[in-house]
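Colleague: Sharing a structure with you now.
The values are calculated or read from the model by the stated rules, or taken from the named source; none is laboratory data. Note that the coordinates shown come from a computational prediction; the quantities given were computed from them, not determined experimentally. Cβ atoms come from the backbone with ideal geometry, glycine included; neighbour counts cover every protein chain shown. Heavy atoms of the whole protein, side chains included, go into the accessibility calculation; ligands, DNA and RNA do not. Shrake-Rupley method; radii C 1.70, N 1.55, O 1.52, S 1.80 Å.
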Amino acid sequence: MMEYEQSFLMGERRFTSDRGLGVHLNYYLTKKTGRTAYDALYGIRIEKKVQGEQEETEQTPALSASRQMVEQLAGKLIDGAVTPVCMMEIIDDLTG
């Protein structure tokens, strides 16, 4: 079996920026499956659109084999409306 990756939408945030632009953030749980379905690794991807145009995307490497742990971490990012540009720094703070 080959390695493949799936993404699951975990949540989204919409707000208006300081410059009056519509910002839409999508938060995804990523799942990489290896040779068996049991060796899955989970990560997070954030996509940012401004005025409907794709602006930034950032994805973590695999963070954990625990889906629950990564889902909890994604929930904190969603609650804080974390953007792609500062995602890795915030994850380091939360997991460090």
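Colleague: Which numbered condition in (1) touching a Leu at 6+ places or on another chain (Cβ under 6 Å); (2) modelled with pLDDT under 95 is the only one that Arg35 fails?
Modeller: Of the numbered conditions (1) touching a Leu at 6+ places or on another chain (Cβ under 6 Å); (2) modelled with pLDDT under 95, the odd one out for Arg35 is (1).
Colleague: Which of the residues that make up the range 53-81 are in contact with a Lys or Arg (Cβ under 8 Å, 6 or more places away or on another chain), surrounded by 15 or more Cβ atoms within 10 Å (Cβ to Cβ) and either farther than 22 Å from Gly34 by Cβ or of a type in the set (Lys, Arg) (or both)?
Modeller: Across the range 53-81, the qualifying residues are Glu55, Glu58, Ile78.
Colleague: Scanning the range 84-96 for residues that are open to solvent by 30 Å² or more (accessible area, probe 1.4 Å) and in contact (Cβ under 8 Å) with a residue 24 or more places away in the chain, which turns out farthest from the chain's Cα centre (by Cα)? I'd like the intermediate steps shown before the answer.
Modeller: We begin by selecting, within the range 84-96, every residue open to solvent by 30 Å² or more (accessible area, probe 1.4 Å); these are 85-86, 88-90, 92-96.
Still in the list and also in contact (Cβ under 8 Å) with a residue 24 or more places away in the chain: 85, 88, 95.
Values: Val85: 12, Met88: 10, Thr95: 15 Å.
Within the range 84-96, the match that is farthest from the chain's Cα centre (by Cα) is Thr95.
Colleague: State which residue is modelled with the lowest pLDDT when the search covers only the range 38-52 and only residues that are more than 14 Å from the chain's Cα centre (by Cα) and open to solvent by 70 Å² or more (accessible area, probe 1.4 Å).
Modeller: Filtering the range 38-52 for residues that are more than 14 Å from the chain's Cα centre (by Cα) and open to solvent by 70 Å² or more (accessible area, probe 1.4 Å), the one modelled with the lowest pLDDT comes out as Tyr38.
Colleague: For Gly20, all conditions in the list (1) touching a Pro at 6+ places or on another chain (Cβ under 7 Å); (2) at positive phi hold save one; what is the number of the exception?
Modeller: (1)
Colleague: Need a quick list: strands (runs of 3 or more DSSP E) entirely within the range 1-67 having at least 2 residues that are of a type in the set (Lys, Arg). Break it down stepwise before answering.
Modeller: On the way: elements: 4-16, 22-33, 40-50, 53-59.
Per the criteria, 4-16, 22-33, 40-50.
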